[in-house]
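Structure first, commentary second.
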Amino acid sequence: MSLLSLVIPVYRNEGSIPDLLKAVTQLNEKLSNDLEVVFVVDGSPDRCYELLRDALPDHPVRSQLILLSRNFGSFMAIRTGLQFGKGSRFAVMAADLQEPPELVLEMDRILCNGEVDVVVGVREGRSDPLFSRLASKMFWGLYRRYVIPEIPPGGVDMFACNKVFRDTLLTLDERHSSLIAQVFWLGFRRETVMYTRQERQHGKSAWTLGKKVNYLMDSIFSFTDLPIRMLIRLGAAGSVLAATLGLVVLIAKLNDMIAVPGYAMTMLAISFLGCLNLLGLGIVGSYSWRTYENTKNRPLAIPMRVDSFGESNE
């Protein structure tokens, strides 16, 4: 049996559950019932879990429903879904249906050809408000410049892969990292498909500006030593500048050009160097903290309940 496991992380998607179930039913029909849907409820505070728990026993699609013990983040939810998926191919789709479900069929068709290991969905347009589009463009621009240069300009929210790629991806047992960056870091044979992101129909996105900033920081600190190199260069430039200014002050002092001690300049210099030291300690501390977190060997996510429905329960 050539089964496709579709992983769907669920968080604050109560309003989109009915449309989501209809979408996966249509996908299952087009895949000749060779679809398994793995819903991972990421500690959602609304009634997502209850709605899925009540609907899935009578739903025609084989499925698994996983409830995490708390909110671990969408990437950890996706990893959990990939771990529990029983198929030979895997795909990831958001529960808000902003990515067209038909894209899953296209990505799966490419995988079935056997010439690529992973297919990523690349946004060529989006129907979001202007501010969201500008923020997304700036975010992914910084991401491409400082983290993964080969990532598409519009970013990646969907991908599909074969079992070999899935198994390799799950060996990257890292917390505070970027799943998308890991997908590109692994390499393998990769292909892209284009799509237009749809306007959100239900609820409000939980992907806030704060989460985007944290995600960008995790990506930077996990995949590049750029902040350390910038700090070294800034420190070197500051040292040269300080030495030059010191020489100027010494020459001026020897020539009786300084009559009054520069109290203000002294305080500014102390403040500047103190802030620079704090910045450096913060950057180095970020790397050290992430290393420390990975040495704890805590689980990346904790599935509290796992239920199977349909043929997958046989």
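The values are calculated or read from the model by the stated rules, or taken from the named source; none is laboratory data. In this text the structure is predicted, and so the values were computed from the model without any measurement. Please note: Cβ atoms are built from the backbone with ideal geometry, for glycine as well, and neighbour counts cover all protein chains shown.
Taking region 11-48 only, how many residues are assigned to a strand (DSSP E or B) and closer than 14 Å to Val104 by Cβ?
We begin by selecting, within region 11-48, every residue assigned to a strand (DSSP E or B); these are 35-41.
Cutting the leftovers down to closer than 14 Å to Val104 by Cβ gives us 35-38.
Residues that pass the stated criteria total 4.
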### Message
Can you tell me which residue is surrounded by the fewest Cβ atoms within 10 Å (Cβ to Cβ) among those in region 1-56 that are at pLDDT below 90 and among the aromatic types (Phe, Trp, Tyr)?
### Response
Tyr49
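Against the definition (among the small types (Gly, Ala, Ser), over 24 Å from Gln182 (Cα atoms) and surrounded by 21 or more Cβ atoms within 10 Å (Cβ to Cβ)), how does Ser74 come out, yes or no? Give the derivation first.
Values: among the small types (Gly, Ala, Ser): yes; over 24 Å from Gln182 (Cα atoms): no; surrounded by 21 or more Cβ atoms within 10 Å (Cβ to Cβ): yes.
No: the conditions fail for Ser74.
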### Task
Output the residue which, of all residues in region 176-195 that are out of contact with any Phe, Trp or Tyr (no Cβ under 9 Å at 6 or more places or on another chain) and in a strand (DSSP E or B), is modelled with the lowest pLDDT.
Tyr195
### Task
Using the structure shown, decide if Arg109 is at pLDDT 75 or above, closer than 21 Å to Gln182 by Cβ and among the basic types (Lys, Arg).
no
